[in-house]
Each structure stands twice: as structure tokens, then as C-alpha cells.
Amino acid sequence: MLKYYFLVLFTFAMLQGKAQQEDSVRLKSPPSTKSDSLKLKAKKFGQEIGSLFKDSTYLQNTRKAALRSAVLPGWGQARNHQWWKVPLIYGGFVGIGLVYNFNNKYYKEFLTESQFRKANQNLAQIDRYKFPQYQGIPDQQIYSAKDFYRRNRDLSLYGFIAFYGFQILDSYVSAKLATFDVGDDLSFRIKPSIYIPSYASTGYAAPMPMLTLKLNFNK
């Protein structure tokens, strides 16, 4: 009986020592720097996004202006006190959307017509049509129209992306120029004047028109 009792105690002591050793290894192992850096970046990004809604200064930072326009088109222009640009921006998006919808509608229509004609080559030319308005039109014209509307549809998508980036760039540049000094203390002026030379040898003096450039660097 004592033999089994000592065997149980020995096994329990070995398991406890192994558990303590694993705990010490866990304590000594260095923390995961990669996960901590990702958490720190995510926290900074969240704080930066949150600061977009808390900033109440008159002049916004250029970075914040670009981020605001990226989050919501026209927001950066509104914070730059250029409210008249907001309807222009959304009008541009609506116009691009209408162009996309128009070309996509006819692309699908000509695509269906093209697929029908290719699948029914055994029919006569006068009877090979899907939509009545295209009856009698040669196949090659249908194929060309399909490619034409597909290309215009794709171009409208690229135009949407370009216009989206343009309004972000516009808010950034406007915020940058908001602090640019254009006062009278830092400017230049060009004005006409009359120059009357005097020649000591002849004593002859004739007026001459000229332009005068004046630079101001005073503060």
C-alpha cells in the first residue's frame, strides 16, 4: 500500500515541476513584437480617423483634408470653406453614373443580340435577329456596336476613379494654399513708366516707354 502511495506522490511532484518549468518558460519568452506593432498601427489609424470628426480648427491640415475627401467626397472642400465645389463634385459623380448606365444598357443589349446571331448561323440573314429593331442590320455592325459600348462603359469606370482621386487632390491643394501668403508684403508689381535718358556729350534726351518690376519682401 505504501508503495502505491509513494508512487502517486512521485508522479504528482513530477507533474507539478514540469508545470512550473513551462510557466517559467512562458514568463521568460519575449512578447510578440509583430502583433504589438499591428495593434499599435491599428490604434493610431483609429485615432486618426476619429480626429477627423473632432477637429474644429478654422484651417484644416492637408492630410486631414485628403482623408476627409477620401471618406466622403466633398467633405474636404466643405472644411476648406469651398461649399460651392460640393454640388459640382456630386454633379460630376451623377454625370459619370448616367454615362455608365447608358453604355452598360446598350452593351448588354448588343451582347445578347451578338450571342443570338452566333448561335443561329444556320438562319437566313433577314431572320437572324433577337430584337426587332436590329432586323436586317449586318452582323459585323452588331459586333462593332457591342465593342463600342463596352469600351465606353469601361472608360466611364476609369473616369469615376480619376474624378474621385481628383477631388481628393483638390481638397489637399486647397488646404495647402489656404496658408499661402498672398498679401501686399510678399508680392510683385509690374507697371508702365517713361524713362528719359540724358547724354552728357550731346545733351539730347528722348523719352522711352518701359516696364518697371517691383518686388516686395517686407514683413
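Bear in mind that the values in this text are calculations on the coordinates, not laboratory data. None of these values were measured; they are calculated from a predicted model. For neighbour counting, all protein chains shown are included, and Cβ atoms are generated from backbone atoms with ideal geometry for every residue, glycine included.
Summary of computed values
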quantity: Net +/- balance of residues flanking residue 133 in space, Cβ distance below 13 Å, scoring K and R +1, D and E -1; calculated: -1
quantity: Selection from 169, 72, 61 lying farthest towards where the dipole of region 58-177 points positive, charges on Cβ; calculated: 61
